[in-house]
């Protein structure tokens, strides 16, 4: 069964240019919880989860194990059209897919207004752990606990976790066998979010996302570990950047205004230009 076709955004209104934020989940997860973000994002933004085959509402569909094939499937799910204004967000495994999807859309002449990634080092960086997707079930679960790449609520329920193992293995196979395709950087503004206590990323790996865009790049570090998406600091940082992205259209289209490298007064997540990060190798939040 295919998920419902998302409503078409892009019609200007009193609150500015409309924007759809398509969201991709972490390994093994459903994207549907992202729909709750509609309560916190700017009024001009509509959050639309992108569910993968074999996950959530598409649980009866076969799992897919290649990022490029998944990206092609997601293009069919989105059915974007010229003139539609949208951005992509992906967390952890979802960041890899969002990147692949952005590449495919860019090649089709339908680039997103921005690519937002979180909880994942740049696609050309080495894995932060040894591959685990082929391990026997018990060893696989032990490794998931050790690496901290799964929500604790799921790890605390072994029987429920075992139900997710096929999807987890398929998703981790994609991550652990992924090779960045050859080609030029994206012509898309890019924002990377990272957790200050995330053992699966590091500042140098996060700033490596800069190589993936010819446009503006911004990195924001958030207090928290790998799953910082529920943190108020992250939500404020996200909504701030979405507001700037909406405000940048249409006059600033093509200017890279989505990632200006600066933050307003009181911003809880300190952004920094890549040059500053290369010099300091670390960027701190303004709030510990």
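Is there any pair with a first residue in region 230-254 that is on the phi > 0 side of the Ramachandran plot and modelled with pLDDT of 90 or more and a second that is assigned to a helix (DSSP H, G or I) and surrounded by 21 or more Cβ atoms within 10 Å (Cβ to Cβ) whose Cβ atoms are under 8 Å apart and which are 6 or more apart or on different chains, and what are they?
none
Which condition does residue 53 not pass, out of (1) buried (at least 17 other Cβ atoms within 10 Å of the Cβ); (2) in a loop (DSSP other than H, G, I, E, B); (3) in contact with a helix residue (DSSP H, G or I) (Cβ under 6 Å, 6 or more places away or on another chain), if it passes all the others?
Of the numbered conditions (1) buried (at least 17 other Cβ atoms within 10 Å of the Cβ); (2) in a loop (DSSP other than H, G, I, E, B); (3) in contact with a helix residue (DSSP H, G or I) (Cβ under 6 Å, 6 or more places away or on another chain), the odd one out for residue 53 is (3).
Within region 99-185, considering only helices (runs of 4 or more DSSP H) that don't extend past its boundaries, which have at least 3 residues that are within 17 Å of residue 200 (Cα to Cα) and under 18 Å from the mean Cα position of the chain (by Cα)?
Once the helices (runs of 4 or more DSSP H) in region 99-185 are filtered for at least 3 residues that are within 17 Å of residue 200 (Cα to Cα) and under 18 Å from the mean Cα position of the chain (by Cα), what remains is 158-177.
Can you tell me which residue among 199, 214 is out of contact with any strand residue (DSSP E or B) (no Cβ under 6 Å at 6 or more places or on another chain), under 27 Å from residue 85 (Cβ atoms) and surrounded by fewer than 18 Cβ atoms within 10 Å (Cβ to Cβ)?
None of the other options fit; the residue is 214.
Among the candidates 143, 113, which residue alone is surrounded by fewer than 24 Cβ atoms within 10 Å (Cβ to Cβ) and in contact with a strand residue (DSSP E or B) (Cβ under 6 Å, 6 or more places away or on another chain)?
The unique qualifying residue is 113.
Going through region 179-217 one residue at a time, which ones are in contact with a helix residue (DSSP H, G or I) (Cβ under 9 Å, 6 or more places away or on another chain), without any contact (Cβ under 8 Å) to a residue 60 or more places away in the chain and under 19 Å from residue 124 (Cβ atoms)?
Within region 179-217, 180, 185, 215, 217 qualify.
The values are calculated or read from the model by the stated rules, or taken from the named source; none is laboratory data. What you see is a predicted model; the values in this text were computed from it and never measured. Using ideal geometry, Cβ is built from the backbone for each residue, glycine included, and neighbour counts are taken over all protein chains shown.
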